[in-house]
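Student: Sharing a structure with you now.
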Amino acid sequence: MKIYQNLTIRQKQIVWAWAFLALPVLFYTVIRFYPTANAILISFQNWNLLGDRTWAGLENYQKLFADPVFWHVFRNTFVYLLLGTPVSLVVSFIIAYHLDKTRFMHGFLRMLYFLPFMTSAVAMAWVWRWFYQPVPIGLFNNFLAAAGIPQVSFLNSTTNALPSVLAPAIWAGLGFQVIIFMAGLRAIPKSYYEAAKIDGVSWWTVLWEITLPLLKPTIVFIVVFSSIGFLRIFDHVFNMTTGNPGGPLNSTKPLVLMIYETAFSSFDMGYAAAQTVVLFAVLLFVSLVQLRIMRDK
Amino acid sequence: MISNKLKAMSLAAVTSSAALFASSAQAVEIEYWQYFFDARVTAMEQLIENFEAANPDITVTMTHFPYADYRTKVAAAIPAGEGPDVVQLFYGWLNDYVAADLIQPLPADTFSTAMVDEEFFPMVQAMKDGDNYWALPTAVRSLALFYNERLLEEAGVEPPTTLDEMVAAARAMTKKDGAGNITQVGMTAGMTAQDHHWWREVLVRQMGGEPYLDNYKTVNYNTEAGQKALDFYVNMAEGDDPITAFGFMDEPQAAFKAGRAGMHIDGSFRIGSLNKTRGLKWGVTELPATSDGTRSNYSSYWVNAITTKAEGEKYDAAVKFMEYVTSDEAMQIWLDVVGELPAKPSVGMTEANANDDTFGPFIRGLAYANTTKFANESGQRQLMVEMVERITLEGMSAADSLAIAAEAEQKLLDDYYASN
């Protein structure tokens, strides 16, 4: 107690600050940093969950870079990112832009767009999985067949499967992005628009010169947030392709699903950890690049 | 779990105090672990009760976990000296358990290889290593051909006994709409379900092949027989007049349950859920033979083994318990309660069991069943799935696709056996 009394007010403040910070620090150390460090460690070892861990050196990484399935999966992951992020960004902006101007049933429409975000991804994936089936049970193909159009293989195809899985994933995330965009739109001061009106500027110029530049922080947030989401996509893919996880010939398999399978059905923890480290590096790199590119000058 | 622990503790307290008074009756407590499946737990409770009645000096405590946690818990507990004395595991995990030093061989004097070889169905020999058995099952599973009685009657065909009859019957039951889309299949198909077992252990052998050599360490289906088996399988869905469609109604068993499939190959574990399907009139028959009468089947099972934790008197008690759970009486209880097939002909081939309408075809199939020694079952299944997909989706020739699958599976096996 004597030591504490001898401290200056500033030092006492620091002690208290750390006392309150101790809990989250402890939490992060035990729940985040320790497992992360352990995963990196395991990536240099061989372990099947049952026996002892043995040192493998760089073996797991060598195996990874020589594995054609890994590169296929790596490519899929970036297709999810490069298709998913721009499409969801543009669609959600268009919806938010028009919804912002709509007064008729505004709240109800907003609710309709937000509803998919609140729905369980598992339930949604299964419903879409059934939509996509061939006749006699698939909704889409039943429509096509009724109209006399040949059936489309949605999921049972190496080319259509990935976009088919991505579509409900985009739809599910749309509600959240629409809400964020609308908040961003509302935050733009009305005076800019009034000034533009007085000058008689076209609708396009208003959008291009006022709305979009002022939405930049919102766009940065959504791009980073949804990129991370698409790089980590798992639940939609897993549930729409259980039985044949990752779709026909790995056509929809993302990195996270490959990690899951390596770890919990092949029980090859070292190899799975090496994949995890690669995913971590990719996520870090993509996020840093995006933040840098979109940073205010 | 908590209540089990409490029960164990109170039992231990009771037995230890009893031991104080009656020094002649030495009480031993052993622990048994299995994964949670309602009927299995009920059956094991009955077995434990009977066993304890016959061996008053031994107490058996059962602990069960959800399937998803099972492997990790077992792996963590046994090296720490905490886990079970007798443990249940899938036959395909045996190599991993042996390599990790989690289980010990069964004593040769009680479970001599000669005795087990003679008394059990032959596929149990996959658990043998030299002069010892590592583990033994109480019950086993096999495949059979389920059929929809109404559709069969409507098409005017009988349950098939040969592959040719099966194809003909399936053709009679397949329905298409005006545009040629299949709306009802004669036969379900999908390597993602049980078909990879049917192809591997049944069709390849029926075409005169031997799917693996060298105790399942060498792939041997890239042969003429393998080619014929693959052609037969893929042709069911391809061509002008298909009798099935891969992925029809999402899952083979769903199509059969919905009454949209005439026939369906599946395991004995499906019986329970088919019984619960309202409005479905189904029957079951042995897997079809070739025209010259060649038959084969695939069998899988869960086994019980003694862990390395059991020593001294606990080991002796564990051996006694193993003897009981592999006895004829235990197998009959398991069949009645769980619906899984007895692992010994002496129980399975009794008049009542072998001629049972439902269990009979499965039990008769055990006599000629083979058990694949998997290194990684889901990985090896995936290769079969992809073998068919390369043909149906990418137009690759069956010969090329078969060669790729064989090479990939050989690599998987080599990697596995190199590290174990």
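The values are calculated or read from the model by the stated rules, or taken from the named source; none is laboratory data. All values derive from a computational prediction rather than experimental measurement. Here the Cβ positions follow ideal geometry from the backbone for every residue, glycine too, while neighbour counts run over all protein chains shown. Quick note on the areas: whole protein, heavy atoms, side chains included, nothing else; ligands and nucleic acids left out. Shrake-Rupley method; radii C 1.70, N 1.55, O 1.52, S 1.80 Å.
Student: Could you give the dipole magnitude of region B:16-141 about its Cα centre, charging the beta-carbon of Lys and Arg +1 and that of Asp and Glu -1, in debye to the nearest 20?
Tutor: It comes to approximately 340 debye.
Student: Ignoring ligands, DNA and RNA, what percent of the accessible area of region A:94-235 is carbon or sulfur (1.4 Å)?
Tutor: The C+S portion of the solvent-accessible surface of region A:94-235 is 71 percent.
Student: Could you state the number of Å between the C-alpha centres of region B:59-87 and region A:211-254?
Tutor: So the separation of the two Cα centres works out to 38 Å.
Student: How tilted is helix B:38-54 with respect to the longest principal axis of chain B? Cα atoms for both, answer in degrees (0 to 90, nearest 10).
Tutor: Its long axis makes an angle of about 40 degrees.
Student: Extension gain B:Tyr67-B:Glu323, at 0.36 nm per residue separation less the Cα-Cα distance, in nm?
Tutor: In short, 89.6 nm is gained.
Student: Give the shape of the protein assembly as shown as rounded, prolate or oblate, defined through the alpha-carbon gyration tensor: a ≥ b ≥ c are the square roots of its eigenvalues, a/c under 1.5 means rounded, and otherwise the shape is prolate if a/b is larger than b/c and oblate if not.
Tutor: Since a/c reaches 1.5 but b/c is at least a/b, the shape of the protein assembly as shown is classed as oblate.
Student: Relative contact order, percent, of region B:233-335 when contacts are C-alpha pairs under 8 Å separated by at least 6 residues? Don't skip to the answer; put the middle values down first.
Tutor: On the way: 39 pairs, mean separation 10.6, N = 103.
Relative contact order, region B:233-335: 10 percent.
Student: What percent do you get for the relative contact order of region A:63-293 when only Cα pairs under 8 Å and 6+ apart count? Can you show the working numbers first?
Tutor: On the way: 242 pairs, mean separation 64.8, N = 231.
It rounds to 28 percent for region A:63-293.
Student: What does DSSP give for chain B in terms of the percent of beta bridges that are antiparallel, rounded to the nearest 5?
Tutor: 65 percent
Student: Is there a quick way to get the dipole size of the protein assembly as shown? I mean about its Cα centre, with the Cβ of Lys and Arg at +1 and of Asp and Glu at -1; what is the value in debye to the nearest 20?
Tutor: 4560 debye
Student: On full extension of the chain, what length is gained from A:Met105 through A:Leu207, given 0.36 nm per residue of separation minus the C-alpha to C-alpha distance? Write out the running numbers ahead of the final one.
Tutor: Working: separation 102, 0.36 × 102 = 36.72 nm, distance 2.43 nm.
Separation in residues times 0.36 nm, less the Cα-Cα distance, equals 34.3 nm.
Student: Tell me the relative contact order for region B:103-221 as a rounded percent, counting alpha carbon contacts under 8 Å between residues six or more apart. Let's see the in-between values first.
Tutor: Working: 92 pairs, mean separation 13.8, N = 119.
Over region B:103-221, the number comes to 12 percent.
Student: State the Cα centre-to-centre distance between region B:161-228 and region B:246-302 in whole Å.
Tutor: Cα centroid to Cα centroid, the span is 13 Å.
Student: Can you list the residues, at least 5 places off or on another chain, whose amide H is less than 5 Å from the amide H of A:Arg53, using H built in the peptide plane?
Tutor: Amide H to amide H, under 5 Å and 5 or more residues apart or across chains, A:Arg53 pairs with nothing.
Student: May I ask for the angle, rounded to the nearest 10°, between helix B:163-173 and the longest principal axis of chain B, with both axes built from Cα atoms and the value confined to 0 to 90°?
Tutor: On a 0 to 90 degree scale, this one is about 70.
Student: Further question: Tell me: how much accessible area in total is hidden between A and B, 1.4 Å probe, Å², nearest 100?
Tutor: Numbers: alone 17950 and 18170 Å², together 33890 Å².
Using a 1.4 Å probe on protein heavy atoms, the buried area is about 2200 Å².
Student: Then there is this: Through the Karplus equation 6.51 cos²θ - 1.76 cosθ + 1.60, θ set to phi - 60°, convert the phi angles of region A:70-77 into ³J(HN,Hα) values in whole Hz; use x for Gly and Pro.
Tutor: So the J values, rounded to whole Hz, are 4, 5, 4, 5, 4, 5, 3, 4.
Student: Which is farthest toward the positive dipole end of region A:63-293 among A:Phe117, A:Gly200, A:Ser266, measuring Cα position about the Cα centre, with Cβ charges +1 (Lys, Arg) and -1 (Asp, Glu)?
Tutor: Projecting each Cα onto the dipole axis, the largest value belongs to A:Gly200.
Student: Here's another thing I want to ask about it. Could you tell me which residue out of A:Trp126, A:Pro86, A:Met182 lies farthest along the dipole of region A:63-293 toward its positive end? Charges go on the beta carbon: Lys and Arg +1, Asp and Glu -1, centred on the Cα centre.
Tutor: About the Cα centre, the residue reaching furthest to the positive side is A:Met182.
Student: Roughly speaking, what is the centre-to-centre gap between region A:82-140 and region B:373-409 when only Cα atoms are used, to the nearest Å?
Tutor: 37 Å
Student: Residues of region B:217-232 with the amide nitrogen closer than 12 Å to a label point 7 Å from the Cα of B:Asp414, along Cα-to-Cβ, please.
Tutor: B:218-219
Student: What residues qualify as long-range amide H neighbours of B:Tyr133, i.e. H under 5 Å apart, gap of 5 or more or another chain, H built at 1.01 Å from N?
Tutor: Counting only residues 5 or more places away or on other chains, the set is B:Leu106.
Student: Skip the ligands, DNA and RNA, and give the accessible area per residue of region B:95-148 with a 1.4 Å probe, whole Å².
Tutor: Numbers: 1840 Å² over 54 residues.
Accessible area per residue, region B:95-148: 34 Å².
Student: Modelling each spin label as a point 7 Å along the Cα-to-Cβ direction, I'd like the A:Phe65/B:Glu165 distance in nm, to one decimal.
Tutor: 6.0 nm
Student: Another one. Let me have the 222 nm mean residue ellipticity of the protein assembly as shown computed from DSSP H runs of 4+ only, each contributing -39500 (n - 2.57), with the sum over all residues rounded to the nearest 500.
Tutor: Values: 31 runs with 381 residues, N = 717.
It lands at -16500 deg cm²/dmol.
Student: Compute, for region A:63-293, the length of the dipole vector about the Cα centre, with Cβ point charges of +1 (Lys, Arg) and -1 (Asp, Glu) only. Units Debye, rounded to 20.
Tutor: Magnitude of the dipole: close to 340 debye.
Student: Rounded, prolate or oblate for chain B? Axes are the square roots of the Cα gyration tensor eigenvalues, ordered a ≥ b ≥ c, and the cut-off for rounded is a/c under 1.5. Write out the running numbers ahead of the final one.
Tutor: On the way: a/c = 2.28, a/b = 1.78, b/c = 1.28.
Because a/c hits 1.5 or more and a/b exceeds b/c, chain B counts as prolate.
Student: For the charge dipole of the protein assembly as shown, defined by +1 on Lys and Arg C-beta atoms and -1 on Asp and Glu C-beta atoms about the Cα centroid, which residue among B:Met187, B:Phe36, A:Ala145 has the Cα displaced farthest towards the positive pole?
Tutor: Value computed over the given set: A:Ala145.
Student: Moving to a separate point now. So for the pair A:Ile3, A:Tyr193, with labels modelled 7 Å out along Cα→Cβ, what separation do we get in nm?
Tutor: The answer from the label model is 6.1 nm.
Student: Compare A:Phe285, A:Phe221, A:Phe114 in a GNM of chain A, Cα atoms joined below 10 Å, and give the one with the largest fluctuation.
Tutor: Maximum fluctuation in the GNM of chain A, among the listed residues, is at A:Phe285.
Student: Through the Karplus equation 6.51 cos²θ - 1.76 cosθ + 1.60, θ set to phi - 60°, convert the phi angles of region A:129-144 into ³J(HN,Hα) values in whole Hz; use x for Gly and Pro.
Tutor: 4, 6, 3, 7, 5, x, 4, x, 9, x, 4, 4, 5, 5, 4, 4
Student: Give me a comma-separated list of calculated 3J(HN,Hα) values for region A:11-23, in order, Karplus coefficients 6.51, -1.76, 1.60 applied at θ = phi - 60°, integers in Hz, x for any Gly or Pro.
Tutor: 5, 5, 4, 5, 4, 5, 4, 5, 4, 6, 6, 4, 5
Student: Next question, about the same structure. Tell me which residues come under 5 Å, amide H to amide H, from A:Gln45 once H is placed; ignore anything under 5 positions away on its chain.
Tutor: Amide H neighbours of A:Gln45, under 5 Å, 5+ apart: A:Ala56.
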